[in-house]
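Right, one structure below, let's go through it.
Every number in this text was worked out from the coordinates using simple rules, so none of it is lab data. Just so we're clear, the structure is a prediction, and the values are computed from it rather than from any experiment. Every residue, glycine as well, gets a Cβ built from its backbone with ideal geometry; the counts of neighbours run over all protein chains shown.
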Amino acid sequence: MMKEFSLAFASKVWEFKLRKEQIAVEFLPNLNPSHANIPDLIRNALFQPVGYPELKRAITPDDRLAIVLVDHFNGFLEILIAVLEHIAGTGVAMENVTLVCLACTNSDSWVDNLPDEFNEIKIEVHNPDNKKATAFLTSADDVGMLYLNRTVIEADQVVVLGKRQYDPYFGISGAEADIFPALANSEMISTCSKEVLGDDANSDLGKQKALKVSWLLGAPYYIQIIEGSNASVEEIFAGADQANRFAEKRLDEIWKQDATSTFDLVIALVGGADEKIGFVQLCRALVCAKRIVKKNGAIVLLAQAEFNLNDIKKQLEMKSIGKSEAAFSLVPHHLIRHWVDAASQGKVYVSTFEGKDDIARLLALPLRSAQELCDLGSKADGVAIIRDAHKSYINIKKR
């Protein structure tokens, strides 16, 4: 008698079999099967913010607005347009609105799809190497000499639009962490990239600094997305500090799970059929799996990821980010460091297709078929399967 599991990722389904006596544990998110659609979610968030006035009460028609967009998220364009329509309804002229992005946000892929009424909006790609594009914010001992994006500092109102997700540098990224260090000067970004890896795969090393920086900016308004499975959106929250803490609580309730032991083999499923997966998502899945794999155990990442292997390999070879790389780093350096750390401590396998086995250049081993995965599983006493591992957090709970 065999245990059978259907492992769905991207457009693939692999059948995975284990002997009856083998231990197998599945980790699944606590998703709402009947959650609202995106238009209803963003409308409710904007008109019913958590413990804070509506955005339209925080701005006046003459205000200059900076909308921070440092990461893609499910429903990106639909949510952005809804936010811009809400702002336009307050009488703010669109030429007074600037979308502040990062190079990795790839604004070329969505700017042309904005409606014509938003043609006068400015698009700024933050370049931390450009000293004219940053302005002095603080020299506090707990932060250091910090220059931040000038448009953000000089704005009458800052709106941060992004997703909440688990992260080994912030604990939970998004909100304040979308401002710092992402929009800092290159010297500060380089300094943050050199901070030591903690023993915990998800510490909050950068969170306190990010909080301090956000306080210095006054009262940024946060619109926060909690993603669901595949390309869906589970919840959206708007507001300030109270909304941030509430969003973190809901993220834990949906995506955080407990484990009572570690495993010889951890299988991390990354991405659904409608979800675009890159190397960042692979890194986040690896960080999640790393928490529950035994020493010298194996991690398998099942995904159909798209990324430029040569660019990622260059980042893997960097011990830290220099100032010249800070502006255009494709993957946060702390995620790169966790990838290298996990690969050196055990075996990391990544699913490959069409004979593309060059994943080995990224310190990983190619996995070509469901049969190869079954062969790996047959040697393991305990196997963990994590659905949507790139969004999950597995907590080792002491008995």
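Computed 3J(HN,Hα) for region 114-126, one whole-Hz value per residue from the Karplus formula 6.51 cos²θ - 1.76 cosθ + 1.60 where θ = phi - 60°, is 6, x, 4, 5, 10, 5, 8, 5, 8, 10, 10, 8, 4, glycine and proline marked x. A Gaussian network model of the chain, with springs between Cα atoms under 10 Å, assigns the largest mean-square fluctuation among Ala343, Ala184, Ala140 to Ala140. Rg ratio for the chain: its Cα radius of gyration over 2.2 N^0.38 Å, N being its residue count, equals 1.00.
Plainly put, region 38-252 has a radius of gyration that is 0.94 times its Kirkwood radius, both from alpha-carbon atoms, as the Rg/Rh ratio. Computed over the chain with a Gaussian network model linking Cα atoms closer than 10 Å, the most mobile of Asp141, Asp167, Asp274 is Asp141. Summary of packing: across the peptides 84-94, 225-235, 380-390, the per-residue average of other C-beta atoms within 10 Å ranks them, highest first, as 380-390, 225-235, 84-94. Comparing Cα centroids, region 140-170 and region 26-81 end up 18 angstrom apart. Annotation: amide H-H contacts under 5 Å for Asp388 (H modelled 1.01 Å from N, sequence separation of 5 or more, or interchain): Leu269, Gly271. Per residue, the convex hull around the alpha carbon atoms of region 151-194 comes to 65 Å³.
Over every Cα atom in region 210-292, the radius of gyration and the widest Cα-Cα span, Dmax, amount to 15.9, 48 Å. Less than 5 angstrom separates the built amide H of Gly382 from those of Asp264, Leu265, all sequence-distant by 5 or more or on a different chain. Could you sort out which of Lys131/Lys314; Lys194/Lys314; Lys17/Lys397; Lys256/Lys294 sit more than 22 Å apart by Cα distance in this structure? Listed pairs above 22 Å: Lys131/Lys314; Lys17/Lys397.
Residues whose amide H lies under 5 Å from that of Thr134, counting only those 5 or more places away or on a different chain, are Arg150; hydrogens are built 1.01 Å from N in the peptide plane.
Counting only lysines at least 8 places from Lys276 when in the same chain, those with an alpha carbon closer than 21 Å to its own are Lys12, Lys163, Lys313, Lys356, Lys391. The stretch between Lys56 and Met145 holds 28.7 nm of extra length on full extension. This uses 0.36 nm per residue minus the Cα-Cα distance. Of all aspartates and glutamates in the structure, the ones whose alpha carbon falls short of 20 Å from that of Lys122, not counting any fewer than 8 places away in one chain, are Asp62, Asp63, Asp71, Glu78, Glu85, Glu95, Asp108, Asp112, Glu154, Asp156, Asp178.
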